[in-house]
Amino acid sequence: MKKIRLIPFYMFLLFYSLFCSASNWHIGKITSTRHGEWYRVSCYIVDQEIWFESPLPLNPTGEAFANLLILPALEMGKDIYLDFPVDRQWFENVQKLISVYHEWWGTPLRNPFIVTSFRNNEKKRLNKVGSCFSCGVDSYHTLLCENYPIDFLVCVHGLDIPLADEIKFSTLSEEIKKICRILNKQPLFIRTNVRNHPVISSLDWGEKMCGPVLGAIGLLSSFHIGQLVIPGSSGNTIRKDFRWGSHWRTDPFHSSSFSEIIHPEEADKIDRRLKIALISTHPLVKENLRVCWEGRNSWNCSQCTKCVYTMVDLCASNALEDFHQVFDLSIPLIKRIDGLERISTESFFFHYYSIQQQDLPDNIQSSLQKLMGRSLQKISQEIR
């Protein structure tokens with residue numbers, strides 16, 4: 001009879017344990033292993049592994065994995081239990097980050113982390129500087145035009161280039177190695193499955209998750225660099241309310257006592273067309289500029305919106321002909337513009353502003369105006 005009476009109690013315990021595991025997340029032991037030439041750090045979150053690996057040893061710090069979950073936890077109403085001593089400076093920055101997220105997206109003003117203890121950091125931050133580098137406009141501008149004493153170029157496989165596309169990343173990594181040899185830098189390559197995790201992929205990558213992941217890369221790389229520079233983007237030059245996953249207001253709040261994340265506000269205030277003008281004379285840029293991640297064989301596809309508008313900017317700087325190694329210039333730029341069906345709703349204002357500021361030939365300007373007209377018509381139809 002006693003056993004029968006205990007059944008409801010055991011059912012309650014089972015229900016409670018299942019509810020807690022479903023309602024809350026847990027970051028416990030971080031595993032550090034080696035697979036051939038790759039050092040891997042990993043952690044199971046919601047029963048699925050997230051891993052990062054590199055030819056150089058990575059710091060198995062729990063804050064890197066916790067960093068990935070701040071915004072998802074706020075949006076999904078989760079608590080996150082941290083079973084390791086937490087860096088106090090990082091934890092204090094989280095609260096500042098939460099305030100910005102609340103302002104931007106209305107997420108709760110609460111810290112989702114349940115911390116058991118804090119640690120005293122005895123080691124000083126390294127004085128080496130790394131910069132995220134993809135051979136793109138912003139990363140080249142940071143490398144060549146901003147006054148950071150960059151020691152490492154940091155490139156991550158599994159973010160813009162999918163993990164499955166080993167050929168494209170191999171091509172990119174060889175170019176970055178060449179750039180490092182010429183400029184006396186060191187490459188730091190990392191690959192990760194983070195974008196495949198359901199919690200991370202449930203949120204928009206560009207608008208919300210790219211900054212937290214890059215912040216995690218900085219924390220994981222702290223055995224080699226004490227500062228990670230995240231190149232600025234161009235959106236803030238025309239929109240003061242521009243919200244993006246990687247932003248000068250949020251990226252620095254991913255810092256800790258052992259790793260500083262830098263996203264220069266000044267770089268966001270420089271228009272993309274000016275950045276292109278500033279870097280367009282450098283031989284490395286003419287040989288290795290990459291703006292396109294379309295699934296085609298060439299370095300840049302030369303026909304997507306991003307490629308075409310980069311070619312327009314180069315045309316405005318009288319430099320387009322110098323970039324025949326990275327763009328297919330066999331088709332006239334006017335035909336490239338006319339071949340675009342539309343500009344996306346998200347980037348319409350940015351591109352509209354851009355062409356108003358350009359000193360372009362009349363025929364190019366006319367084709368761009370027609371493109372904007374087509375795009376505006378499509379946007380109006382979508383609104384209806």
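The values are calculated or read from the model by the stated rules, or taken from the named source; none is laboratory data. For clarity, every value in this text was computed on a predicted model and none was experimentally measured. For neighbour counting, all protein chains shown are included, and Cβ atoms are generated from backbone atoms with ideal geometry for every residue, glycine included. The protein model used for the area step is the full one, side chains on, heavy atoms only, and it has no ligands, DNA or RNA in it. Shrake-Rupley method; radii C 1.70, N 1.55, O 1.52, S 1.80 Å.
Taking the Cα centre of region 134-254 as origin, work out the dipole magnitude from +1 charges on Lys and Arg Cβ and -1 charges on Asp and Glu Cβ, in debye rounded to 20.
Magnitude of the dipole: close to 100 debye.
Just to be sure I understand: with springs between alpha-carbon atoms less than 10 Å apart, which residue in 233, 131, 317 has the highest mean-square fluctuation in the Gaussian network model of the chain?
So, out of 233, 131, 317, the one fluctuating most is 317.
With only alpha-carbon pairs counted, each pair once and no self-pairs, how large is the Kirkwood hydrodynamic radius of region 157-260 in angstroms?
15.3
Rounded if a/c is under 1.5, else prolate if a/b beats b/c, else oblate: with a ≥ b ≥ c from the C-alpha gyration tensor eigenvalues square-rooted, which is region 116-191?
Since a/c reaches 1.5 but b/c is at least a/b, the shape of region 116-191 is classed as oblate.
If I ignore ligands, DNA and RNA and count only protein heavy atoms, how much of residue 37 is accessible to a 1.4 Å probe, in Å² to the nearest 10?
The accessible area comes out at roughly 150 Å².
Work out from phi, with θ = phi - 60° and the Karplus expression 6.51 cos²θ - 1.76 cosθ + 1.60, the ³J(HN,Hα) of each residue of region 308-316, listed in order in whole Hz, and give x for Gly and Pro.
4, 6, 5, 5, 4, 4, 5, 4, 5
For the chain, what is the charge dipole size about the Cα centre, in debye to the nearest 20, if Lys and Arg each add +1 at the Cβ and Asp and Glu each add -1 at the Cβ?
About 900 debye.
By the gyration tensor of its Cα atoms, with a ≥ b ≥ c the square roots of the eigenvalues, what is the shape of region 70-134: rounded for a/c under 1.5, prolate for a/b over b/c, or oblate?
Taking the square roots of the gyration eigenvalues as a ≥ b ≥ c, region 70-134 is oblate.
Pick from 100, 137, 229: which is most flexible by mean-square fluctuation in a GNM of the chain where alpha carbon atoms under 10 Å apart are linked?
Ranking 100, 137, 229 by mean-square fluctuation puts 100 first.
Could you put 105, 51 in order of accessible surface area, largest first, with the 1.4 Å probe and the full protein assembly present?
On the way: 105 55, 51 35 Å².
Ranked from most to least accessible, the order is 105, 51.
Tally Lys/Arg at +1 and Asp/Glu at -1 over every other residue whose Cβ is under 14 Å from the Cβ of residue 184; what's the total?
With Lys, Arg at +1 and Asp, Glu at -1, the net is +4.
If you fit an axis through the alpha-carbon atoms of helix 88-105 and take the longest principal axis of the Cα set of the chain, what angle between them do you get, 0 to 90°, nearest 10?
The angle comes out at about 60 degrees.
Say we join alpha carbon atoms closer than 10 Å with springs in a Gaussian network model of the chain; which of 68, 220, 368 then has the biggest fluctuation?
Comparing 68, 220, 368 in the GNM, the peak value goes to 368.
So who's got an amide H within less than 5 Å of the one on residue 224, skipping anything under 5 residues away but keeping other chains? H placed 1.01 Å off N, in plane.
Placed amide hydrogens put nothing under 5 Å from residue 224.
Counting only heavy atoms of protein chains, what accessible area per residue, in Å², does the chain have with a probe of 1.4 Å?
Per residue, the chain has 49 Å² of solvent-accessible surface.
Report, in degrees rounded to the nearest 10, the 0 to 90 angle that the Cα long axis of helix 362-383 makes with the longest principal axis of the chain.
Around 40 degrees separate the two axes.
With every protein chain left in place, what is the accessible area of residue 135 in Å² (1.4 Å probe, nearest 10)?
Its accessible surface works out to 0 Å², give or take rounding.
If you keep only loop residues by DSSP, which GluC sites (Glu not before Pro) in region 105-197 have at most 14 other Cβ atoms within 10 Å of their Cβ?
Loop-located and lightly packed - 122.
For 223, 84, 118, 52, give me the order by solvent-accessible area with a 1.4 Å probe, most accessible first, ignoring ligands, DNA and RNA.
Heavy-atom accessible area, descending, gives 223, 118, 84, 52.
Could you order 104, 38 so the one with the most accessible surface comes first? Probe is 1.4 Å.
38, 104
Where the centre of each part is set by its Cα atoms, how far does region 105-119 sit from region 280-336, in angstrom?
Each part's Cα centre sits 45 Å from the other's.
In square angstrom, rounded to the nearest 10, how much accessible surface does residue 58 have for a 1.4 Å probe?
10
What translational diffusion coefficient, in µm²/s and rounded to a whole number, does the Stokes-Einstein relation yield for the chain at 10 °C and a viscosity of 1.306 mPa s, taking the hydrodynamic radius as the Kirkwood radius over Cα pairs?
For the chosen part, D equals 70 µm²/s.
Here is the link list: 177/306; 29/96; 178/275; 96/124; 96/306. Which ones come out longer than 31 Å on Cα distance?
96/306
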